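For reference, the structure discussed in these notes is given below.
The values are calculated or read from the model by the stated rules, or taken from the named source; none is laboratory data. Here the structure is a predicted model, which means the values were calculated and not measured. No Cβ is skipped: glycine too gets one built from the backbone with ideal geometry, and neighbour counts run over all protein chains shown.
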Amino acid sequence: NDLLDYFEELNHRTFLIVEYGVETCNDATLRLVNRGHDFACARKAIEETAQRGIRVGAHIILGLPGEDAEESLRQAPIISSLPLTIPSLYGWRIHQAHSKLH
């Protein structure tokens, strides 16, 4: 809350965007890649930031270990329901994971 208070004050003085590394909605994948948070944590952070009138963006990674196109499609409406408040050109950062095959 202290950090969000600071961001809220800063947002009144300058242009501010906060971007969160959501990466995936799949908690099993988040554990596998050792992100240190679950999706509920990311959702809460985004919602609380947006409620303060701060522009919010999110980073998503397609193709994380164990995730396929079907999983990405399952997650799309979940991610779309988040209150990402900055213009779509900037609000989403979708990355493709690349893995080295041996």
ask   = Which ones in the range 68-86 are among the aliphatic types (A, V, I, L, M) and assigned to a loop (DSSP other than H, G, I, E, B)?
value = Leu82, Leu84, Ile86
ask   = Quick check: is even one residue across the range 18-30 farther than 14 Å from Pro83 by Cβ, without any contact (Cβ under 8 Å) to a residue 24 or more places away in the chain, over 10 Å from the mean Cα position of the chain (by Cα) and surrounded by 13 or more Cβ atoms within 10 Å (Cβ to Cβ)?
value = yes
request  = Give me a count of the residues in the range 1-23 that are part of a loop (DSSP other than H, G, I, E, B) and modelled with pLDDT of 95 or more.
outcome  = 1
key: Test: Ile46 is modelled with pLDDT of 95 or more, closer than 19 Å to Glu8 by Cβ and aliphatic (A, V, I, L, M)   = yes
inquiry  = Regarding the range 33-53, can at least one residue be identified that is in contact with a Gly (Cβ under 8 Å, 6 or more places away or on another chain), surrounded by 11 or more Cβ atoms within 10 Å (Cβ to Cβ) and part of a loop (DSSP other than H, G, I, E, B)?
reply    = yes
ask   = Which residue, of Pro65, Pro83, is surrounded by fewer than 14 Cβ atoms within 10 Å (Cβ to Cβ), at pLDDT 90 or above, within 24 Å of Glu9 (Cβ to Cβ) and not hydrophobic (A, V, I, L, M, F, W, C)?
value = Pro83
